[in-house]
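Asker: Mind having a look at this structure? Questions to follow.
The values are calculated or read from the model by the stated rules, or taken from the named source; none is laboratory data. Since the model is a prediction, treat every value here as computed from it, not as a measurement. Glycine gets a Cβ as well: all are built from the backbone with ideal geometry, and neighbour counts include every protein chain shown.
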Amino acid sequence: MKKLLFIFLITSTAFAQNANRKFISITTDKNFCKIKVSDGSYQIRFLSDKIIETTFIPNGEKYNPTSDLVVLNENKSPNWKISKDANSNSFAFNDLAVEVIKNPFQIIYKHKGATILSEKSGYTKRKHIPLENVKGNIVYDSTEVLQFNIAPDEVLYGGGSRALGMNRRGNRLALYNRAQYGYETRAELMNFCIPVVLSSKLYAVHFDNAAIGYLDLDSKKNNTLEYETISGRKTYQVVVGNSWENLVQNYTNLTGKQPLPPRWAFGNFSSRFGYHTQEEVKKTIKKFQDSNIPVDAIILDLYWFGKTVQGTMGNLDWDKDNFPNPEKMIADLNAKGVKTVLITEPFILTTSSKWQETVDKKVLATLKNGKPATWDFYFGNTGIVDVFKPEGSAWFWNVYKRLINQGVAGVWGDLGEPEVFPSFANTAKGTADEVHNIYGHNWAKLIADGYKKEFATQRPFILMRSGYSGSQRFGMIPWSGDVSRSWGGLQSQMEIALQMGMQGLAYMHSDLGGFAGDYFDNELYLRWLQYGVFNPVFRPHAQEDVASEVAYKDVDTKEVAKKAVELRYQLLPYNYNLAFENTTKGTPLMRPLFFEEPQNTALLGKSDGYFWGNDFLIYPITQRGQTQKEVYFPKSSNWYDFYSGKKHEAGTTQTVVTNKENIPTFVRGGSFIPMSKIVQNTTQYNLNSFDVHYFFDEKATTSKLNLYNDDGLTANSFENQKFEKFDFRSKFKNNTLNIKVEYDQAYANATSKKVTLIVHGFTQKPTNINLNDKKLNPSEYTFDSNLLKITLDCPLDIMNDLEIKL
């Protein structure tokens with residue numbers, strides 16, 4: 001017994017907090033558990049039975065209740081279950097608990113009785129040792145640190161958008177949003193540095209502070225997680241989940257859900273750096289239409305306000321020499337179903353037409369003496385709009401309001417890290433270093449707030465290069481920055497998108513084809529576009545040395561690329577349904593394979609394949625001349641080649657042969673895949689008549705699809721009951737497949753729909769088919785190439801019951 005006690009004391013001391021910190025007292029009120037220690041105090045509260053928040057307030061500081069990052073502020077502390085003994089107090093809310101050990105002092109977090117995380121040294125101050133890549137950016141003598149124990153076998157994710165490998169354990173990561181031009185397979189610091197860590201133990205810890213700093217994911221290999229900052233709140237939330245989907249749902253409950261984007265955002269974009277004239281814009285869209293290539297929007301880079309790249313940033317108004325009649329141009333594009341998106345930046349050059357106006361209206365970040373802060377960077381000598389100042393936010397919004405009234409449908413916010421933001425600049429909310437990481441976050445917020453106030457029925461499209469935790473709630477559409485136009489650049493994109501989806505920003509995507517450089521490789525271009533079909537946003541974009549638009553490719557390349565674009569449009573019902581699921585549950589559109597097999601350690605670092613929604617399994621081709629691909633088929637289902645129908649057994653690893661036309665794409669057995677007709681753009685899209693492909697599998701005894709649809713434009717359609725819904729259910733038993741189809745929620749006075757059901761996977765013709773207890777004649781369906789096709793009339797609120805005997 002003495003030996004066991006000795007071992008316990010050694011173990012508890014090894015993981016205990018700083019021995020110099022002494023427990024003094026613990027009290028509770030209706031809101032908080034309050035703990036007094038020798039160097040400050042803690043305030044702990046439950047935000048839900050899945051989220052617990054802890055704040056440390058050092059001696060001499062006051063509690064700051066204001067968060068820039070989270071929205072969940074409900075206090076569930078009255079539901080605490082409190083238990084005590086001589087040396088500890090425990091507070092539990094259902095399966096989530098915090099235990100406070102008095103001596104040696106320690107705070108421990110538990111889920112379902114098991115320890116998931118504990119403070120190690122807790123709060124300390126120490127000498128700042130900067131990472132090499134931020135030596136000129138994070139310049140402080142000391143920093144404040146929160147330190148935690150983690151288990152030796154945990155795999156760690158998070159920290160924002162980076163190319164490091166899926167398992168980010170072993171890295172010390174700077175939290176300083178910054179672009180990395182032309183990156184390929186490794187990028188340690190990028191545009192979205194998010195202070196959240198997710199663990200393979202199915203918990204997350206989110207550090208609720210805006211200031212710059214670091215995340216250390218056990219870089220010293222001593223089972224330690226650290227958050228390090230220059231200043232600000234010492235607040236963090238521990239989030240738990242019963243599955244990966246549940247964990248991400250709970251995290252987005254904390255930081256906010258993404259509003260449903262307009263449907264045209266899921267179409268094809270015409271984009272490059274950049275279109276120089278109104279005539280060039282007109283010519284480009286005509287090129288798409290003459291080739292019958294679907295296109296929904298055109299994005300204008302910085303030439304819309306200036307003839308040159310340098311010296312004109314901040315004009316934020318049309319260059320009338322090259323765009324003489326922008327209102328007519330936009331109206332003509334709208335008449336063709338094509339939306340206009342304009343680039344904007346927050347930098348106002350001293351040479352721009354808006355410089356004196358912004359100085360006079362005091363909308364810029366300042367020096368300590370109150371004068372506008374200016375500095376040099378690539379584009380010229382500049383100041384920056386203070387988006388934290390009411391006058392700055394209002395001025396910037398009025399720029400957007402004017403453009404929206406001209407017919408502009410989307411906003412592109414570039415350089416919002418900010419690209420260059422010296423420490424000497426000051427904003428209404430704090431120094432540049434205190435607000436650097438949330439500049440893009442608040443920039444998106446002012447646009448979203450402006451829409452809600454003045455264009456309340458319109459869904460915004462806000463494409464931005466930088467943000468922070470919670471930016472998704474403003475409708476931000478992030479992209480992965482200036483990636484190299486190379487195979488290495490393509491190889492990093494799956495990891496970046498999967499990681500960001502887990503961290504709430506599920507619309508992370510890339511410049512399809514790659515952006516940086518003049519590398520010319522049509523094979524790379526096609527493989528990137530084929531991957532992009534199964535991305536949240538399909539947006540080819542590049543420097544103009546090599547055309548990014550499908551319409552400008554050579555005949556052979558255009559033919560294959562056009563098929564990718566057309567498939568993107570055919571999948572609109574499926575993709576839009578994924579968007580609805582993300583809006584309501586926070587579930588990422590792109591999902592790692594370990595979401596389905598969390599105990600399969602071989603999958604925890606895997607990003608070369610992923611789920612697109614629940615029912616597609618995607619394996620991009622990321623190497624030149626790749627003729628075969630090793631594919632793991634998750635064990636939950638059998639999988640069917642989307643193009644050939646070939647069956648692949650669950651839980652197997654197989655080598656599949658690739659082809660030029662598409663990347664390896666598989667569909668879950670038992671799934672319903674809704675597909676629409678090909679349209680020139682989404683203004684022609686509806687679900688009055690569409691196809692639903694069902695992939696029959698004997699092992700899939702039951703399945704379902706709840707398909708959501710609305711007008712694709714109006715804000716809050718779901719909340720205002722302005723939507724339609726289709727329900728599909730299958731059951732296989734006793735050699736009989738039963739499929740039920742119902743159109744059970746309508747909008748716009750719809751009364752009936754036509755659904756063509758296409759059943760894959762039969763090896764022989766069914767012996768009998770009944771619809772609503774009536775036997776179908778052979779003329780009422782077709783069976784060809786092992787595909788059964790039946791067109792169903794679906795009146796509102798009437799179930800179609802199909803019975804197929806094999």
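Asker: How about the range 780-806: which of its residues are without any contact (Cβ under 8 Å) to a residue 12 or more places away in the chain and part of a loop (DSSP other than H, G, I, E, B)?
Answerer: Ser785 - this is the single residue of the range 780-806 that is without any contact (Cβ under 8 Å) to a residue 12 or more places away in the chain and part of a loop (DSSP other than H, G, I, E, B).
Asker: Given the options Val309, Val281, name the one that is in contact with a strand residue (DSSP E or B) (Cβ under 8 Å, 6 or more places away or on another chain), surrounded by 15 or more Cβ atoms within 10 Å (Cβ to Cβ) and either touching a residue at least 24 places away in the same chain (Cβ under 8 Å) or of a type in the set (A, V, I, L, M, F, W, C) (or both).
Answerer: Val281
Asker: Enumerate the pairs (first residue in the range 167-182 and within 17 Å of Ile438 (Cβ to Cβ); second residue anywhere and among the β-branched types (Val, Ile, Thr) and in a loop (DSSP other than H, G, I, E, B)) with beta-carbon separation below 9 Å, excluding pairs fewer than 6 apart on the same chain, so at least 6 apart or on different chains.
Answerer: Ala174/Ile138; Ala174/Ile212; Leu175/Ile138; Leu175/Ile194; Leu175/Ile212; Tyr176/Ile138; Tyr176/Ile212; Asn177/Ile212
Asker: Only one residue in Lys307, Lys371, Lys362, Lys328 is under 30 Å from Leu713 (Cα atoms) and of a type in the set (D, E, K, R). Which one?
Answerer: Result of the check over Lys307, Lys371, Lys362, Lys328: Lys328.
Asker: Scanning for something closer than 16 Å to Gly136 by Cα and buried (at least 20 other Cβ atoms within 10 Å of the Cβ), does the range 420-430 turn up at least one residue?
Answerer: The answer is yes, given that some residue of the range 420-430 is closer than 16 Å to Gly136 by Cα and buried (at least 20 other Cβ atoms within 10 Å of the Cβ).
Asker: Sticking with this structure for a sec: I'm trying to understand the selection: among the residues of the range 18-68, which are in a strand (DSSP E or B) and free of Cβ contacts under 8 Å to residues at least 40 places away in the same chain?
Answerer: Within the range 18-68, Ile24, Ser25, Thr27, Lys34, Lys36, Ser41, Gln43, Arg45 qualify.
Asker: Could you check Tyr708 against (1) closer than 18 Å to Asn638 by Cβ; (2) of a type in the set (Phe, Trp, Tyr); (3) touching a helix residue (DSSP H, G or I) at 6+ places or on another chain (Cβ under 6 Å) and say which number it fails?
Answerer: (1)
Asker: Report whether or not Ile330 is in contact with a Ser or Thr (Cβ under 8 Å, 6 or more places away or on another chain), free of Cβ contacts under 8 Å to residues at least 40 places away in the same chain and β-branched (Val, Ile, Thr).
Answerer: no
Asker: Here's another thing I want to ask about it. Could we say that Val399 is surrounded by fewer than 21 Cβ atoms within 10 Å (Cβ to Cβ), among the β-branched types (Val, Ile, Thr) and over 21 Å from Asp68 (Cα atoms) here?
Answerer: The answer is yes for Val399.
Residue by residue, here is whether (1) in contact (Cβ under 8 Å) with a residue 12 or more places away in the chain; (2) of a type outside the set (Phe, Trp, Tyr) holds:
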site	(1), (2)
His648	yes, yes
Asn659	no, yes
Ile663	yes, yes
Asn681	yes, yes
Tyr685	yes, no
Phe690	yes, no
Leu705	yes, yes
Phe718	yes, no
Asn738	yes, yes
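Asker: Ile804 passes all but one of (1) closer than 14 Å to Val692 by Cβ; (2) in contact with a Ser or Thr (Cβ under 8 Å, 6 or more places away or on another chain); (3) of a type in the set (Val, Ile, Thr); which number fails?
Answerer: Only one criterion in (1) closer than 14 Å to Val692 by Cβ; (2) in contact with a Ser or Thr (Cβ under 8 Å, 6 or more places away or on another chain); (3) of a type in the set (Val, Ile, Thr) is unmet by Ile804, namely (1).
Asker: Taking only pairs six or more apart or across chains, which ones have beta-carbon atoms under 6 Å, a first residue in the range 764-779 that is surrounded by 10 or more Cβ atoms within 10 Å (Cβ to Cβ), and a second residue that is not in a strand (DSSP E or B)?
Answerer: Pro766/Leu806; Ile769/Leu776
Asker: Could you list, in sequence order, the residues of the range 495-520 that are farther than 15 Å from Phe595 by Cα, at pLDDT 95 or above and either not small (Gly, Ala, Ser) or not assigned by TED's automatic domain parsing to the domain that holds Val483 (or both)?
Answerer: Ile496, Leu505, Tyr507, Met508, His509, Asp511, Leu512, Phe515
Asker: Looking at the range 646-693, what strands (runs of 3 or more DSSP E) fall wholly within it and have at least 2 residues that are crowded, with 18+ Cβ neighbours inside 10 Å?
Answerer: 665-668, 672-675
Asker: Can you find even one residue in the range 275-287 that is touching a Ser or Thr at 6+ places or on another chain (Cβ under 6 Å) and over 29 Å from Asn577 (Cβ atoms)?
Answerer: Yes, the conditions are met somewhere in the range 275-287.
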